[in-house]
1. Has segment 125-132 got at least one residue that is surrounded by 20 or more Cβ atoms within 10 Å (Cβ to Cβ), under 19 Å from Asp67 (Cα atoms) and among the β-branched types (Val, Ile, Thr)?
2. Restricting to segment 141-157, name every residue that is touching a helix residue (DSSP H, G or I) at 6+ places or on another chain (Cβ under 8 Å) and either free of Cβ contacts under 8 Å to residues at least 60 places away in the same chain or over 23 Å from Gly180 (Cβ atoms) (or both).
3. Quick test of your reading of the structure: Arg117 fulfils all but one of (1) more than 21 Å from Leu97 (Cβ to Cβ); (2) surrounded by fewer than 16 Cβ atoms within 10 Å (Cβ to Cβ). Name the failing condition by number.
4. If I ask for residues that are more than 24 Å from Asp99 (Cα to Cα), in a strand (DSSP E or B) and at pLDDT 95 or above, which ones from segment 139-174 would you list?
5. I need every pair where a residue in segment 96-115 that is closer than 22 Å to Gly141 by Cβ and assigned to a strand (DSSP E or B) has its Cβ under 8 Å from the Cβ of a residue that is modelled with pLDDT of 95 or more and not hydrophobic (A, V, I, L, M, F, W, C), sequence separation at least 6 or different chains.
6. State whether the residues of segment 57-75 include one that is under 17 Å from Ala33 (Cβ atoms), among the aliphatic types (A, V, I, L, M) and either at pLDDT below 90 or assigned to a helix (DSSP H, G or I) (or both).
7. Taking the stated definitions as given, is Pro80 buried (at least 24 other Cβ atoms within 10 Å of the Cβ) and outside any helix (DSSP H, G or I)?
8. Taking the condition surrounded by 14 or more Cβ atoms within 10 Å (Cβ to Cβ) and more than 20 Å from Asp26 (Cβ to Cβ), does Lys143 pass?
Amino acid sequence: MSDDETLKVYAEKADDYAAVVGDDHDPHLADFAKALPKGGAVLDLGCGPGHVAAALARDGFDVTATDAVPEMVAMANAHPGVSAHCATFDEISGTDLYDGIWANFSLLHASRSDMPRHLAALKSALKPGGVFHIALKSGSGSKRDAIGRLYTYYTDAELTGLLQAAGFSVTNHASGRGKGLDGTYADWIALRAYG
């Protein structure tokens with residue numbers, strides 16, 4: 001993510017965001033972890049304050065956590081077993097590194113034109129047969145929320161098509177509605193795919 005206004009909002013509201021996302025009892029996370037080999041290598045892309053990375057580390061996974069906001073990286077590194085570093089989506093590289101990639105409400109801040117490139121890089125970084133979780137807000141177009149964060153919205157069919165074009169095999173689809181940092185409710189989609 002390279003939208004300066006979005007990064008600034010997360011930097012300024014890091015503590016508030018940590019309070020909103022503090023629950024690591026996400027059923028998608030439990031299913032994701034079950035699909036991984038014991039002790040497997042996992043990338044938490046856009047880790048925020050590190051709650052998920054910490055939960056995965058407690059479960060014995062080798063977790064790499066990245067976020068583009070230094071304040072979030074510092075919070076993530078405060079969790080035992082978490083090694084987080086500052087990186088944008090453009091800085092993800094490498095081949096066959098991870099058994100799983102968790103991209104939960106992070107890539108929704110990438111521009112639509114950049115999404116195919118980001119998904120291709122993540123597919124390359126994922127080991128063959130590795131599991132990929134992605135969740136985004138559903139809808140169409142792009143817009144800023146009430147506190148200035150830029151979002152790009154996707155339909156399930158559109159996101160499925162992008163994943164398939166990048167070489168993923170999509171196996172699970174989920175949807176729901178939740179309250180975000182800006183205080184509004186929004187629809188979301190979550191897909192699981194394999195490399």
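The values are calculated or read from the model by the stated rules, or taken from the named source; none is laboratory data. These figures come from a predicted structure and were not determined experimentally. Cβ atoms come from the backbone with ideal geometry, glycine included; neighbour counts cover every protein chain shown.
1. Here is the first cut: in segment 125-132, the ones surrounded by 20 or more Cβ atoms within 10 Å (Cβ to Cβ) are 125-126, 130-132.
Restricting the remaining residues to those that are under 19 Å from Asp67 (Cα atoms) gives 125-126, 132.
Going one step further and asking which of them are among the β-branched types (Val, Ile, Thr), we end up with none.
Within segment 125-132 (the criterion being surrounded by 20 or more Cβ atoms within 10 Å (Cβ to Cβ), under 19 Å from Asp67 (Cα atoms) and among the β-branched types (Val, Ile, Thr)), the answer is no, since none of the residues qualifies.
2. So the first thing to find is which residues in segment 141-157 are touching a helix residue (DSSP H, G or I) at 6+ places or on another chain (Cβ under 8 Å), and the list is 144, 147-154.
Answer for segment 141-157, where residues must be touching a helix residue (DSSP H, G or I) at 6+ places or on another chain (Cβ under 8 Å) and either free of Cβ contacts under 8 Å to residues at least 60 places away in the same chain or over 23 Å from Gly180 (Cβ atoms) (or both): Tyr151, Thr152, Tyr153, Tyr154.
3. Every listed condition holds for Arg117 apart from (1).
4. Matches in segment 139-174: Tyr154 only.
5. Ala103/His133; Asn104/His133
6. To start, the set of residues in segment 57-75 that are under 17 Å from Ala33 (Cβ atoms) comprises 57-65.
Going one step further and asking which of them are among the aliphatic types (A, V, I, L, M), we end up with 57, 63, 65.
Retained after the next criterion (residues that are either at pLDDT below 90 or assigned to a helix (DSSP H, G or I) (or both)): 57.
Yes, segment 57-75 contains at least one residue that is under 17 Å from Ala33 (Cβ atoms), among the aliphatic types (A, V, I, L, M) and either at pLDDT below 90 or assigned to a helix (DSSP H, G or I) (or both).
7. Working: buried (at least 24 other Cβ atoms within 10 Å of the Cβ): no; outside any helix (DSSP H, G or I): yes.
Here the answer is no, as Pro80 does not meet what is asked.
8. Numbers: surrounded by 14 or more Cβ atoms within 10 Å (Cβ to Cβ): no; more than 20 Å from Asp26 (Cβ to Cβ): yes.
Here the answer is no, as Lys143 does not meet what is asked.
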